[in-house]
Amino acid sequence: MAETFDAIVIGLGGIGSAAAYHLAARGKHVLGLERFTPAHDRGSSHGSSRIIRQAYHENPGYVPLVLRAYVLWEQLERDTQTQLLTTTGGLFIGTEDSDVVQGSLLSARQHSLAHEVLDAKEIQRRFPVLRPRVDDCAVFEKKAGFLRPEAAVAAHLGLATQHEAALRFEEPIVDWTITNSGVVRVVTAKAVYETAHLVIAPGAWANSLLKLAFPLHIRRHVMAWFDPLEGIRNFAPGRFPIYIWRTSDKTVFYGFPATDCENCGVKAAMHSGGDVCTAESIEREIHDRDIEEIREQLSTFIPALNGKLLHAASCMYTLTPDEHFIVSPHPDYAQVTIACGFSGHGFKFATVLGEVLADLAIEGRTKWPIDFLSAQRFTGKC
């Protein structure tokens, strides 16, 4: 006989762990299912740091969501007595007409966000290790910083458990269906469950779990940690910000100050490019060409960071054609809510999207502005 829950969450990474917590905190009997171990490194919610920022160059529509996310990250820190967010300031760099600069300015001005515009000389004066081009400028946002993804996932999972959510790991999904009575039946490798509402936050496994022909594709990206040539002092938080740098029409790289991990070095990575893969076929081994791609950027723009490679890891971007998220009721099944396609910039929204997914599952609607993230833009279904 199937075990029954008020809500089931498939996928307990950054977004799913938050959804499980918010549903359980509202008194729902919740089951969370995850194919791997807690806070694992097989998907897209690992790597010790993720950027958080407000002047959102991708679309000003994200700003209300990320402002709410900040509030909820701070609440999560208080509730768990865990440091999850470090404010470092953020530089969004490129030529004046680049998408990174113009998009950041649009969001900052539309939402009255505190910011500064720095020319190349001022960038280098404030952050001497950077080597901007003469025609580079930057939007500087004081409230930007980084999150600790593994600790954040663990924090949401811990609170979900405190609210009596049942979390089951290493239990991959075989199938889910809607019964004749309208109940959602979820079959795993170990058991059968039933629920009134299913939330799917599948990461790179979206194509196999959503029962939709979405135009999603997966790209492999590599994160690398380097030992600065002249020591780590100039890369410490408070002296060095997070940054996103548009260095050519096809190239964006990004990075962080040193985190509080002893001897971990300083992280840098490519946001653009990446090899097409699947969740099953991704190459986990790191190759010389992966690191050389990052070194090419460092040698020109941050030569002081182009030191010994200390560590590297792969992760996956699950991309939509427009590189905006899908957070929406399932277009075919009212009992199912989906969250996917985070396109390499979704983790910072985990807290607020957990709240949004709980809203959609319980109330069928949310006060937060997510219409531009609807699945309907790809399915054409109303």
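The values are calculated or read from the model by the stated rules, or taken from the named source; none is laboratory data. Small disclaimer: the values here were computed from a predicted structure and weren't measured. Methodologically, a virtual Cβ is constructed for each residue, glycine included, from the backbone with ideal geometry; neighbour enumeration extends over all protein chains shown.
General observations
- Every residue from the stretch 89-98 that is surrounded by 15 or more Cβ atoms within 10 Å (Cβ to Cβ) and either within 22 Å of THR251 (Cβ to Cβ) or aliphatic (A, V, I, L, M) (or both): GLY90, LEU91, PHE92, ILE93, GLY94, THR95, SER98
- Sole residue being modelled with pLDDT of 95 or more and either farther than 20 Å from GLU141 by Cβ or assigned to a loop (DSSP other than H, G, I, E, B) (or both), chosen from ILE286, ILE244: ILE286
- Criterion: over 30 Å from GLN124 (Cβ atoms), of a type in the set (Ser, Thr, Tyr) and modelled with pLDDT under 95 - qualifying residue of THR379, THR337, THR320, THR366: THR379
- Some residue of the stretch 1-21 being at pLDDT below 95, of a type in the set (A, V, I, L, M) and out of contact with any Asp or Glu (no Cβ under 6 Å at 6 or more places or on another chain): yes
- Pairing residues of the stretch 116-128 that are surrounded by 17 or more Cβ atoms within 10 Å (Cβ to Cβ) with residues that are modelled with pLDDT of 95 or more and small (Gly, Ala, Ser), at Cβ distances under 9 Å and at least 6 apart in sequence or on separate chains, gives LEU118/ALA138; ALA120/ALA138; ILE123/ALA138.
- From ALA206, ALA196, ALA191, residue being surrounded by fewer than 16 Cβ atoms within 10 Å (Cβ to Cβ), among the small types (Gly, Ala, Ser) and either assigned by TED's automatic domain parsing to the domain that holds SER343 or touching a residue at least 12 places away in the same chain (Cβ under 8 Å) (or both): ALA191
- Selection over the stretch 211-247 of residues that are polar (S, T, N, Q) and touching a Ser or Thr at 6+ places or on another chain (Cβ under 9 Å) gives a count of 1.
- Close pairs from the stretch 284-297: first closer than 18 Å to ARG246 by Cα, partner modelled with pLDDT of 95 or more and in a loop (DSSP other than H, G, I, E, B), Cβ under 8 Å, at least 6 apart: GLU293/GLY273; ARG295/ASN306
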